[in-house]
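All remarks here apply to the structure that follows.
What follows draws every value from the coordinates through simple rules; no lab data is involved. For clarity, every value in this text was computed on a predicted model and none was experimentally measured. Glycine also receives a Cβ, built like all others from the backbone with ideal geometry; neighbour counts cover every protein chain displayed.
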Amino acid sequence: MRWMIVGVIAGLMAVPSAAEAAWEQYINEEFHFGVDFPAEPSVSSGIHRGAVSGERPSTIFEAEVDGITYRVTVVDISDQLIDSGSILEEAVYIWGLDGELTVDMSARTGPWEGAVYGRRLTIDKEDGSRATASFFTTRGRLYIFEVSIAAGGDLEGPNPGRFVQTVIYNINWDWSVWPPVPRPE
């Protein structure tokens, strides 16, 4: 009997939750990025505002699973390339005003050719929620990869980290091998 209970418990632990099982790499060729999403994202339009960037149209990719919102915001700054560093830092600054800054570090998409460097922040908000975001500028766009965990949610779980750490821009590479290599044309 004891071994049967151990076997049942081990079997339950081996079965991933619905949210864990659903993760898939999402590739967007139009905006030239990829990231792991836990569900198919919806797509909407928005406005990005900044003193340096001004008001810019944005495209938002978003999915919500288990009280966690996963969002990618893409802003076209192709006519402001000379200001891309300032636009990135301004976006980081504005986003960080929404809570108490707990993490502020460099971010990068990978150590190989084509790596893109940016910033990653985590903030704790007054309502008990937490948000983490990675910011990059490349190919004439500002990219913001953001995860928001509702108050009372799993603030220490692995899924927010998975989202912001699976960003890729070299979408024409073969990611089924390690290290990834360019696909033959």
### Query
From the residues Phe145, Pro179, Val167, which one has its Cα farthest along the dipole of the range 126-185 in the positive direction, the dipole being from +1 and -1 charges on Cβ of Lys/Arg and Asp/Glu about the Cα centre?
Pro179
### Task
Report, to the nearest 10°, how far helix 84-96 tilts away from the longest principal axis of the Cα atoms in the chain, using its own Cα long axis and a range of 0 to 90°.
50 degrees
### Task
Please report, in debye to the nearest 20, how large the charge dipole of the range 18-182 is about its Cα centre when each Lys and Arg carries +1 at its beta carbon and each Asp and Glu carries -1 there.
380 debye
### Message
Just want to confirm a number: the relative contact order over the chain, from Cα pairs under 8 angstrom separated by 6+ residues, in percent.
### Response
19 percent
### Query
Based on the Cβ-Cβ distance of Asp104 and Asn172, what FRET efficiency does E = 1/(1 + (r/R0)^6) give at R0 = 45 Å, to the nearest 0.05?
0.90
### Query
Based on the Cα atoms of the chain, what semi-axes does the equivalent ellipsoid have, where each is the square root of 5 times one gyration tensor eigenvalue, given in whole Å with the largest first?
32, 22, 14
### Task
Work out, step by step, the length gained on full extension between Glu64 and Glu126: first 0.36 nm times the residue separation, then minus their alpha carbon distance; give nm to one decimal.
20.2 nm
### Message
Could you identify which residue out of Phe135, Phe31, Phe145 has the top mean-square fluctuation in a GNM of the chain using Cα springs shorter than 10 Å?
### Response
Phe31
### Task
Kindly provide the helix-only [θ] at 222 nm of the chain, computed as the sum of -39,500 (n - 2.57) over DSSP H runs of four or more divided by all residues, to the nearest 500 deg cm²/dmol?
-5500 deg cm²/dmol
### Query
Sorted by average packing, counted as other Cβ atoms within 10 angstrom per residue and highest first, what order do 51-64, 119-132 take?
119-132, 51-64
